[in-house]
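One structure is given here, and the rest of the page talks about it.
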Amino acid sequence: MGYAYDDQNIFAKILRGEIPNKTVLETEHSLAFEDIQPLAPTHVLVIPRGAYVNYDHFAAEASDAEIVDFTRAVGEVCRQTGVAPGGGGGGHRLIANAGEAGVQEVPHMHLHVLGGRVLGRMLPKAG
């Protein structure tokens, strides 16, 4: 399956330094920054530096080093922001949207780290 990456998306521009961000963590292969429209007291986006459209694309084509770096970056963001349950935080939710049905707004793979309050049910039960 081919993935068409748009290098003009907002996250690509952030990675190139064309748009400022409030950086939480930078690693060799990942960048984490505060969401500009937070939906919880903690709302951080974690993105790979590589040109991946969504999690499926990332999982299929990213190197082992990119995958390990990204996964560890997510854990470090949870620790740094105080939402990691094992570190005394109350817990968190990780969300990765993909495609139209998943309501993905930016065509660059990203993971939302949300916490700092009780977030409610993930989705309402089917009626």
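Going by the conditions given, is Ala59 among the small types (Gly, Ala, Ser), in a loop (DSSP other than H, G, I, E, B) and without any contact (Cβ under 8 Å) to a residue 12 or more places away in the chain?
Numbers: among the small types (Gly, Ala, Ser): yes; in a loop (DSSP other than H, G, I, E, B): no; without any contact (Cβ under 8 Å) to a residue 12 or more places away in the chain: yes.
So Ala59 does not fit the description; no.
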Somewhere in the stretch 81-93, is a residue closer than 17 Å to Leu114 by Cα, of a type outside the set (Ser, Thr, Tyr) and under 14 Å from the mean Cα position of the chain (by Cα)? yes
I'd like to verify a number: residues in the stretch 1-41 that are buried (at least 19 other Cβ atoms within 10 Å of the Cβ) and assigned to a strand (DSSP E or B), how many? 5
Subset of the stretch 62-71 (residues that are in a loop (DSSP other than H, G, I, E, B) and not hydroxyl-bearing (Ser, Thr, Tyr)): Ala62
Confirm whether Ala96 is modelled with pLDDT of 95 or more and surrounded by fewer than 15 Cβ atoms within 10 Å (Cβ to Cβ). no
State whether the residues of the stretch 53-73 include one that is among the hydroxyl-bearing types (Ser, Thr, Tyr) and touching a helix residue (DSSP H, G or I) at 6+ places or on another chain (Cβ under 8 Å). no
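Quick one: which residue in Val53, Val74, Val44 is at pLDDT 95 or above, part of a loop (DSSP other than H, G, I, E, B), under 16 Å from His110 (Cα atoms) and not hydroxyl-bearing (Ser, Thr, Tyr)? Please lay out each step first, then the result.
Numbers: Val74 fails: part of a loop (DSSP other than H, G, I, E, B); Val44 fails: part of a loop (DSSP other than H, G, I, E, B).
Selected residue: Val53, the only one of Val53, Val74, Val44 that is at pLDDT 95 or above, part of a loop (DSSP other than H, G, I, E, B), under 16 Å from His110 (Cα atoms) and not hydroxyl-bearing (Ser, Thr, Tyr).
The values are calculated or read from the model by the stated rules, or taken from the named source; none is laboratory data. What you see is a predicted model, and the numbers here were worked out from it, not measured in a lab. Note that we place each Cβ from the backbone using ideal geometry, even for glycine, and neighbour counts take in every protein chain shown.
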